[in-house]
Amino acid sequence: MILPDASLGVLGGGQLGRMFTLAAHSMGYRVVVLDPDPHSPAGLIADQHINADYQDRAALQMLGDECAAITTEFENIPAESLEFLEQYCPVRPGADAVRIAQNRINEKTFIRQQGLATAPFAAIYEAADIADAISGLQPPLLLKTASMGYDGKGQQQVSTADEAGAAFIQAGGAPCILEEMVELEREISVVLVRNTSGLTAVYPVGENRHVNGILDTTIVPSGADTAITDAAIDMARQLADAMNYCGVLAVEFFCTRQGELLINEMAPRPHNSGHYTVDACATSQFEQQVRMMCGLMPSDTKLLSAVVMTNLMGDIWNDGDPAWQHVLNEPGAHLHLYGKREARPGRKMGHINCLADDADSALQVTAKIRAALNMKP
Ligand code: AMP
């Protein structure tokens, strides 16, 4: 067990690292952030910011020497860097799990090996793979880069082999997947935590609405029925067990119009769709991340209030600072800003959690705030 006053390391200094740092600080731990951005949101508030690249061996060694345990806030950290750090202290989740989650081909193959469903897909390593792949799939399709794709980045819709070929060239010829577009009834996600002994705690299932491939809103409780949410929880647990996972794991699902439950992807870290836990649950996903890396027990994941989480994208800074009084004067609304210096369209700048007696009421308050901040309904 790693107890307060110890130093915890986090690879990546974005908003997830910042909320991890806030949770760790309130529990009495020190935090060391490694991130190449001198103004990273977590680096600004950490006890120490090692301002270096994720492959910089000297910097990784400094982090390893300094910390009692290390975690990661995004899956694109090179798995080799995590492996290197494993010689110094526990790294949770470990390199093996991150290696699976950071590559769509590895991820979807692994999910299928567990007997779990994904949308039909085929791996594309070179242009010559496209003809075969497309003959086994039903258009419309999405060509997604196998790595470094998130929030809908690196995705192109295609229907023919020619279009897929052009999209593959545009993706730089890097490994990709071709995936059938499914008809979505809704999207849901499961955030769970699993400790070193395999003890698991699961948060209530959230319903996610995306705009342009980026999460916009998470609603809890979700509108999915109990059979679906129970099945999703079982599938997420199965994945965590199969990886002997330690940490916070998020699994995103498609519920199709045909009644199927398909796994879209997983994230080996706290997740945007779990931000609601900070204000609406007995324990936040970030406190759980601290607990899991420290070899402690999972804590209570109980939902204390219905909640709607809304992402605040850089677009709403177009005319200067948004009129925050409309959020701050609303009882039940909790504003979280990440301290990013520059607001750009499509950049996640913060989020709002609206708590209310039920999801419909939380959606109503959210709609009022969105209108006041000139956000799309
Ligand atoms: P991803 O980066 O793969 O999580 O995709 C981002 C979002 O794009 C998803 O949350 C969905 O809203 C949408 N999307 C991705 N893949 C598919 C698919 N195969 N069929 C339908 N929508 C999809």
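The values are calculated or read from the model by the stated rules, or taken from the named source; none is laboratory data. This structure is a prediction, so every number in the text was calculated from the model and none was measured. Cβ placement follows ideal geometry from the backbone for every residue including glycine, while neighbour counts extend to all protein chains displayed. Calculation scope for accessible area: heavy atoms of the full protein, side chains included, ligands and nucleic acids excluded. Shrake-Rupley method; radii C 1.70, N 1.55, O 1.52, S 1.80 Å.
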Percent antiparallel among DSSP beta bridges (both partners in the stretch 28-162, rounded to 5): 55
Estimated 222 nm signal from helices in the chain, with DSSP H stretches of n ≥ 4 weighted -39500 (n - 2.57), rounded to 500: -8500 deg cm²/dmol
Rounded accessible area per residue of the stretch 184-372, 1.4 Å, Å²: 39
Under 24 Å from the Cα of residue 340 - lysines, other chains or at least 8 residues apart: 153, 348, 376
For the chain, built as a Gaussian network whose Cα springs stay under 10 Å, the top-fluctuating residue of 271, 334, 326: 326
Accessible surface of the chain, 1.4 Å probe, proportion on carbon and sulfur as whole %: 48
Residue-wise HN-Hα coupling along the stretch 156-163, computed from phi with Karplus coefficients 6.51, -1.76, 1.60 (Hz; x: Gly, Pro): 9, 7, 9, 10, 10, 4, 5, 5
Normalised alpha carbon radius of gyration of the stretch 45-167 [divisor 2.2 N^0.38 Å]: 1.35
Highest-fluctuation residue, 197, 189, 299 considered, GNM on the chain with Cα pairs under 10 Å: 197
For the chain, projected area of the alpha-carbon convex hull averaged over all directions, nm²: 18.1
Positive-end residue, the chain charge dipole about Cα centroid, Cβ charges, pick of 333, 243, 98: 333
Label point at residue 5 placed 7 Å out along Cα→Cβ; residues across the stretch 11-30 whose backbone nitrogen lies under 13 Å: 28-30
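Take the Cβ-Cβ distance between residue 282 and residue 123 as r, set R0 to 45 Å, and report the resulting FRET efficiency rounded to the nearest 0.05.
Taking R0 as 45 Å, the efficiency between residue 282 and residue 123 is 0.65.
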Among 18, 344, 30, residue whose mean-square fluctuation peaks in a GNM of the chain (springs only between Cα atoms under 10 Å): 344
For the stretch 122-134, Karplus couplings with θ = phi - 60° (6.51, -1.76, 1.60), whole Hz, Gly/Pro x: 9, 7, 10, 9, 8, 3, 5, 6, 5, 4, 4, 4, 6
Relative contact order computed over the stretch 7-91 (Cα-Cα under 8 Å; 6+ residues apart), in percent: 33
Approximate spin-label separation residue 372-residue 358, in nm, with each point projected 7 Å along Cα-to-Cβ: 2.4
Kirkwood-based shape ratio for the stretch 285-359, expressed as Rg/Rh from alpha carbons: 1.07
Coordinate range along principal axes, alpha carbons of the stretch 7-91, Å, largest first: 29, 23, 20
Amide H partners (placed H, <5 Å) of residue 349, local residues excluded: 312, 313, 314
Cα-centre dipole for the chain with unit charges at Cβ (Lys and Arg positive, Asp and Glu negative), debye to 20: 480
Karplus-derived HN-Hα couplings along the stretch 22-27 (A = 6.51, B = -1.76, C = 1.60, θ = phi - 60°), whole Hz, x at Gly and Pro: 4, 5, 4, 4, 5, 8
Placed amide H near residue 72: partners under 5 Å, 5+ positions off or other chain: 11
